[in-house]
């Protein structure tokens, strides 16, 4: 059974080779059958990869330690859920998951691409085939999850309790759906370069794919951030850690792509830029995939520990990033450039958005790779951390965020900034009011923090203004407004929701950083501490026995005004005896959108316990905002605008409808 | 403006913007990147009090002193020389004697290193590889402490 | 057998996936321009919807309509250059490429798989392995079966009691200590269990009698003052603390009281002999090593056991002379010599092993590190 999975993977590689070559020849000589073969082969390739992945997952579920990968990364005593999620909790398995998602997206293009021009579809699938073939070869040769052990060991080696966490289990697949989703945009870009023409359908197709990838990537990043927040016990939600940056860069450039694709679709402008952005976004995704998994980020020398894998990774990066950029340099001039527009216009606003986002991406790239470069060329080891990113990223983001509400209110081609500003007066007044209220009524609020809160509200009210204006506020009666509001295209809701979500996230970040409180102190049982108008009483430390761990649980009571306990919060240190590992379980209590966060430290000599308490106002909005952004993306995806029919007799209603659903 | 002039203006504006961003980036790199040192490196390096650095090494045996409140002091060593560190806060789960750690902060005027963060090895994603490598270079690798 | 059938079937399906579309009838495809036209038509329709809803001003809509119109005209112009005809030459090319593609699928897959696969290895899910007839199971499998039983019934004290000494023999010392602790908790403290716990703890600490281990031995001695294991290790603890004379006295007292049939006599005698040579630290490793031998050796008398180890070690040494590129073998040899208390020979083995692989090789470094962990140094 295991070997069937192994064989299926090899067979998938063979099919990917065919997928990468035959359709390409087909488009060169104009043979319809060769072009059409891409679809069937892509679907078959996905089926085989899925079979292979299912076999590996079942080997994990059944604890088949004759598979080296299972032996290294699993243990028969793991709970079933974590046995299965363990399939992608390691390098080999995660690369197989990556390929699985790649072939899955390829087969989606094949199945729902009926309304694409035949040669575009064939080229896109051929490029997908190339990526698939190279990655399958990488998996088979340097990271094969099906390497066998004979005789098989009787017990697996891994029972790491820190990794047994549902957040960590779901996080990589979401992230990969995002990374790999951008591969479709990349394939479209390269296909256009190969053909030397950009079809009108191009932008219509690239945008939904970007949206899909972007929605998943947003989810993946938010999930990772939340995991670090509650699991590491440090109370932070973003550390500017290289691993986080690796996923944030494609997100930023993907967001830029999302916006430039709108211009391309509506106005046939920015074509070449959009193409380049597609290539760059996927390149950053590749970088993200490899930098995290190969350990290059922690040190250049990690490359040397497994040279064959390292060299292969370098080859892949050079092949796809270098190759596509070279093709771009060669062919971009052959493409017809798009139309022109005034600087003050929707297009202009979107270009500005792109300028800020790509520059921000570049600064993060520099900050992330600079230590590697320094280490490679000198003996110095340096780290670039939060101070650097705060200094470079924030100045870029603030003007962008201020400008966001203007964009959707400007007309295409020739906009009127003054009119847009007038429409935004109400939102501006409300945001100003929010600044004043925050500054005057919240103790210890700095001017900067109050302005930050105002920025969040500005985004939120700006998004609402957009919806109000589009439904005809000011010129129509309430009834017509309601009617128009209900009839607005979903993409408009999508835009507004995404911008609103961004505002919520900004509000959450500002609330946590600007208005939060932190206390570190040693507490003895019975003592109370005040933090941001809340009184906490430390009850003591109690030993608790769990299924495979023992924990010392610190119990705290939240007191009401009269001094009576109204809620219990417990924070714990867990000891897993099998691994002799300790983990910290933070005690979190959510009140509205805010949270009290308690993390337990060591015991002091005089019978107290070190306790770190944070008051984190509005912290949940950080991830709530991301959820709203995802919802906005999903709304946009559901827009009927994306349902373009195929020409001629092949136009069938059912086909057109399913195409819209992708 | 003609088509060409307009494009030129846009490109110029973009370049100016990028230039500003690049300037800011490199200014920030110069200011905010913190160098990594092992205790023995400090003798040869010119580290000013107040300059932000990362200090890595092993927690020296018998040097952990816990204060009455949440403050703690310990020494970080690479078996050549050692540096006294003070820290206030919750130590990582894996913090113990002989453990590889990375502390981040700056030297006070009295030569005491005041850390605002302490990372221990195996902190899942935050493994101080630099410490391991630094120790290997100095020939004091932790795994072979059998003798 | 099933594997080959499935593999052939999969290959067939995959080849068909390539073959079918290539041999199907060639259908007329819409030209790319038609697709563009469709998109533009759709954009016009959308524009009409927006106008109907009042989402955009009429003037703006007119402008947009004119622009889309211009794009439609532009395709009309370029369409004429696109016509392509299939000639007989391309037909031949199509057939050749198709044949190559269809052939490539089985050739590449079977070729690559032959290189990296292990088709004869069946899958071995743990549950199925544990249900096999015990007589055919390996020791490891029996232990695993006991483990899964105990994971389900953690309060089976007798099970832990049986498993604990087996763990010691398998050199899984920390598991052994945990098992002894379970047995003590469930069945109560006896001298045998406490001294076993101490032994496991001491071995887990590479032969050092740690405070935990010492405490366990002391409990054992309080339960049975004549318990030889407890007495032996407590004396060893003295020796390790540097109190050689006290240790010697304790061992001598112990030796005097041991019945002549006791297997401990020789162990104690050896320890006494070694205290003179400052080798007390190694005396803790009295258990023979080598997994296969362990079971057999455990049931023999001490004399037979040592004799057996001697022959085994000699045989291993001989084999490594003829076949020196055996990393595990060298490790086993070093450990065995140490068990026999022959440090020089162990160091000799280390040196020979390193030389066999060449000083700079990875294996040599591994061996050196392993030797270092046993307290051996590579002398020039």
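The values are calculated or read from the model by the stated rules, or taken from the named source; none is laboratory data. Keep in mind the model is a prediction, meaning the values are calculated, not measured. Cβ atoms come from the backbone with ideal geometry, glycine included; neighbour counts cover every protein chain shown.
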(message) Tell me whether the range C:10-17 contains one or more residues that are exposed (fewer than 14 other Cβ atoms within 10 Å of the Cβ), at pLDDT 80 or above and more than 8 Å from chain A (Cβ to nearest Cβ).
(response) yes
(message) Need the failing condition index for residue A:177 against (1) buried (at least 24 other Cβ atoms within 10 Å of the Cβ); (2) in a helix (DSSP H, G or I), just the number.
(response) (1)
(request) Answer yes if at least one residue in the range B:41-54 is within 14 Å of chain A (Cβ to nearest Cβ), modelled with pLDDT of 80 or more and closer than 30 Å to residue A:90 by Cα, and no otherwise. (result) yes
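Surrounded by 21 or more Cβ atoms within 10 Å (Cβ to Cβ) and under 29 Å from the mean Cα position of the chain (by Cα), is that true of residue C:196?
yes
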(message) Being farther than 16 Å from residue A:468 by Cβ and either assigned by TED's automatic domain parsing to the domain that holds residue A:463 or out of contact with any helix residue (DSSP H, G or I) (no Cβ under 8 Å at 6 or more places or on another chain) (or both) is the filter here; which residues of the range A:416-440 pass it?
(response) A:416, A:418, A:432, A:433, A:434, A:435, A:436, A:437, A:438, A:439, A:440
(request) Could you tell me which residue of the range C:105-121 is nearest to residue A:21 (Cα to Cα), considering only residues that are surrounded by 15 or more Cβ atoms within 10 Å (Cβ to Cβ) and more than 7 Å from every other protein chain (Cβ to nearest Cβ)? (result) C:106
(request) May I ask you to list pairs of residues, at least six apart or on different chains, whose Cβ atoms are under 6 Å apart, with the first in the range A:608-627 being within 14 Å of chain B (Cβ to nearest Cβ) and touching a residue at least 12 places away in the same chain (Cβ under 8 Å) and the second being part of a strand (DSSP E or B) and surrounded by fewer than 22 Cβ atoms within 10 Å (Cβ to Cβ)? (result) A:609/A:603; A:610/A:602; A:612/A:520; A:613/A:519; A:613/A:531; A:614/A:518
(request) Collect the residues in the range A:260-285 that are surrounded by fewer than 24 Cβ atoms within 10 Å (Cβ to Cβ) and under 17 Å from the mean Cα position of the chain (by Cα), keeping them in residue-number order. (result) A:283
(request) Just give me the residues in the range A:37-76 being facing chain C (nearest Cβ under 10 Å), crowded, with 23+ Cβ neighbours inside 10 Å and not in a loop (DSSP other than H, G, I, E, B), in sequence order. (result) A:37, A:38, A:39, A:41, A:42, A:44, A:45, A:48, A:55, A:59, A:67, A:70
(request) For residue A:79, indicate whether it is modelled with pLDDT under 95, within 27 Å of residue C:143 (Cα to Cα) and touching a strand residue (DSSP E or B) at 6+ places or on another chain (Cβ under 6 Å). (result) no
(request) With respect to residue A:317, determine if the residue is in a helix (DSSP H, G or I) and within 22 Å of residue A:399 (Cα to Cα). (result) no
(message) So, residue A:50, is that one at pLDDT 95 or above and farther than 22 Å from residue A:183 by Cα or not?
(response) no
(request) Return the only residue of A:394, A:479, A:429 being within 27 Å of the chain's Cα centre (by Cα), free of Cβ contacts under 8 Å to residues at least 60 places away in the same chain and exposed (fewer than 14 other Cβ atoms within 10 Å of the Cβ). (result) A:394
(request) Determine whether residue A:96 is at the interface with another protein chain (Cβ under 7 Å from one of its Cβ atoms), in contact with a helix residue (DSSP H, G or I) (Cβ under 9 Å, 6 or more places away or on another chain) and under 23 Å from residue A:153 (Cβ atoms). (result) no
(message) Here is a check on your reading of the model: is residue A:329 without any contact (Cβ under 8 Å) to a residue 12 or more places away in the chain and assigned to a helix (DSSP H, G or I)?
(response) yes
(message) Going through A:497, A:521, A:507, A:455 one at a time, which residue ends up being within 19 Å of residue A:399 (Cβ to Cβ) and in contact (Cβ under 8 Å) with a residue 60 or more places away in the chain?
(response) A:507
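Here's the yes/no breakdown for (1) in contact (Cβ under 8 Å) with a residue 60 or more places away in the chain; (2) more than 14 Å from chain C (Cβ to nearest Cβ); (3) outside any helix (DSSP H, G or I):
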{"residue": "A:78", "(1), (2), (3)": "yes, no, yes"}
{"residue": "A:101", "(1), (2), (3)": "yes, yes, no"}
{"residue": "A:107", "(1), (2), (3)": "yes, no, no"}
{"residue": "A:113", "(1), (2), (3)": "yes, no, no"}
{"residue": "A:137", "(1), (2), (3)": "yes, no, no"}
{"residue": "A:140", "(1), (2), (3)": "yes, no, no"}
{"residue": "A:153", "(1), (2), (3)": "yes, no, yes"}
{"residue": "A:156", "(1), (2), (3)": "yes, no, yes"}
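Here's the yes/no breakdown for (1) within 29 Å of residue A:154 (Cβ to Cβ); (2) assigned to a helix (DSSP H, G or I); (3) within 14 Å of chain A (Cβ to nearest Cβ); (4) in contact with a helix residue (DSSP H, G or I) (Cβ under 7 Å, 6 or more places away or on another chain):
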site: C:166; (1), (2), (3), (4): yes, yes, yes, yes
site: C:189; (1), (2), (3), (4): no, no, no, yes
site: C:217; (1), (2), (3), (4): no, yes, no, yes
site: C:231; (1), (2), (3), (4): no, yes, no, yes
site: C:240; (1), (2), (3), (4): no, yes, no, yes
(request) Filter the range C:363-380 for residues that are at pLDDT below 80 and either assigned to a loop (DSSP other than H, G, I, E, B) or more than 14 Å from chain B (Cβ to nearest Cβ) (or both) and give the result. (result) C:374, C:375, C:376, C:377, C:378, C:379, C:380
(request) Check the range B:108-119 and report whether any residue there is within 13 Å of chain A (Cβ to nearest Cβ), outside any loop (DSSP other than H, G, I, E, B) and modelled with pLDDT under 80. (result) yes
(request) Please indicate, with yes or no, whether at least one residue in the range A:376-390 is within 8 Å of another protein chain (Cβ to nearest Cβ) and under 23 Å from residue A:499 (Cβ atoms). (result) no
